[in-house]
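What follows is one structure encoded as structure tokens, with my remarks underneath.
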């Protein structure tokens, strides 16, 4: 079932992305970094765009990244997730395989979220409020 309707202009897409409470990056099916946005990438240099996504990760994470890329490309997995608790909060990193309508691998989406506030929620507030 397709749960989409309507369309957004490029300007509207940018406005929406600016307001999502997450940072994200996307590397295409050839492992080329084509996009990023958000505080997670504040130390990234703009010349990383157009380069291999492996060039943007620390050495100690490359084996895991390679494993994720291979599993995504082989169609074995669609999501990999990690998290970290620090003195300042709790963050989640999620890698998602991006596939076209035919199921072909088209790239990898990295989503980084600070979920400190969400972890603190208790009880129920069914309707949004302040």
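List of remarks:
- Index of the failed condition, residue 76 passing every other in (1) free of Cβ contacts under 8 Å to residues at least 12 places away in the same chain; (2) within 17 Å of the chain's Cα centre (by Cα); (3) closer than 15 Å to residue 108 by Cβ: (2)
- Total residues in segment 108-130, condition exposed (fewer than 11 other Cβ atoms within 10 Å of the Cβ) and in contact with a helix residue (DSSP H, G or I) (Cβ under 8 Å, 6 or more places away or on another chain): 0
- Selected residue (criterion: surrounded by the fewest Cβ atoms within 10 Å (Cβ to Cβ)) from residues of segment 79-107 that are in contact with a helix residue (DSSP H, G or I) (Cβ under 7 Å, 6 or more places away or on another chain) and farther than 20 Å from residue 120 by Cβ: 105
- Residue, nearest to residue 109 (Cα to Cα), within segment 56-68, restricted to residues that are in contact with a helix residue (DSSP H, G or I) (Cβ under 8 Å, 6 or more places away or on another chain) and in contact (Cβ under 8 Å) with a residue 12 or more places away in the chain: 65
- Failed item in (1) more than 14 Å from the chain's Cα centre (by Cα); (2) closer than 26 Å to residue 115 by Cα; (3) modelled with pLDDT of 90 or more, with residue 44 passing the rest: (3)
- Test result for residue 88, closer than 19 Å to residue 23 by Cα and touching a residue at least 24 places away in the same chain (Cβ under 8 Å): yes
- Screening segment 100-121 for residues that are assigned to a loop (DSSP other than H, G, I, E, B) and more than 12 Å from residue 22 (Cβ to Cβ) and picking the one that is nearest to the chain's Cα centre (by Cα) gives 100.
- At least 3 residues being touching a strand residue (DSSP E or B) at 6+ places or on another chain (Cβ under 6 Å) and within 20 Å of residue 103 (Cα to Cα) is the threshold, and among the strands (runs of 3 or more DSSP E) wholly inside segment 1-90 those reaching it are 23-28.
- Of all residues in segment 118-130, those that are within 25 Å of residue 83 (Cβ to Cβ) have Cβ atoms under 6 Å from Cβ atoms of residues that are surrounded by 10 or more Cβ atoms within 10 Å (Cβ to Cβ), 6 or more apart or on another chain, in 119/90.
The values are calculated or read from the model by the stated rules, or taken from the named source; none is laboratory data. This is a predicted model, so every value here is computed, not measured. Backbone-built Cβ (ideal geometry, glycine too); neighbour counts: all protein chains shown.
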